[in-house]
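Below: one structure, written as structure tokens.
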Amino acid sequence: MSAVLLLSIVFVYFLVLLGVAWYTSRNANNDSFFIGNRNSNWMLVAFGMIGTSLSGVTFVSVPGGVAKESFAYFQITLGYLIGYIVIAYVLLPLYYRLNLTSIYNYLSSRLGFKSYKTGAGFFILSRTLGATARLPACIWWSISCRMPSSAVSIFRFWLPHSFYCS
């Protein structure tokens, strides 16, 4: 597959995503975005919570990690379970009682606007630092696994451009 075809597919994919987002959000507001107008199916919410805690890398790498390290990963799974129970029985009732859509609304109402901005800033900073730490590992893994030359050429263009042009 050529690099031009690959980039074209990615570009068309993003255009389709933008089209679907525009079509589905025509009559939407903050309540429909954050809490689904309070009429979402519980099973849909459960799959969404589990889906956000997993990723493609987790799905592919966990069986190998379990085979290598016995059941050490089971502790992470138990942590997810405990976290979901805390969310279901502590945070969700609080969110419904105070009519909140995020923890940042709670920070704003409880501690003020500066704490809201500080919490949001720390969240963005932590996500940026986490992505920055994972990017070299993903690129190293991809190149070491002998990616197709078209994908390697995209990384060769993207990496210098993103590091030196920003």
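The values are calculated or read from the model by the stated rules, or taken from the named source; none is laboratory data. The structure displayed is predicted, hence computed values, not measured ones. Methodologically, a virtual Cβ is constructed for each residue, glycine included, from the backbone with ideal geometry; neighbour enumeration extends over all protein chains shown.
Pairs meeting the criteria (first residue in segment 15-32 and touching a residue at least 12 places away in the same chain (Cβ under 8 Å), second residue surrounded by 10 or more Cβ atoms within 10 Å (Cβ to Cβ) and part of a helix (DSSP H, G or I), beta carbons under 9 Å, at least 6 apart or on different chains) are Asp31/Asn37. Of Ser108, Ser25, all but one fail to be surrounded by 11 or more Cβ atoms within 10 Å (Cβ to Cβ), of a type in the set (S, T, N, Q) and within 21 Å of Phe123 (Cα to Cα); the exception is Ser108. Consider segment 111-156 and keep the residues that are exposed (fewer than 13 other Cβ atoms within 10 Å of the Cβ), closer than 24 Å to Ala3 by Cα and of a type in the set (A, V, I, L, M, F, W, C). The one that is modelled with the highest pLDDT is Leu135. The set of residues in segment 3-45 that are farther than 23 Å from Asn105 by Cα and in contact with a helix residue (DSSP H, G or I) (Cβ under 6 Å, 6 or more places away or on another chain) comprises Ala3, Leu6.
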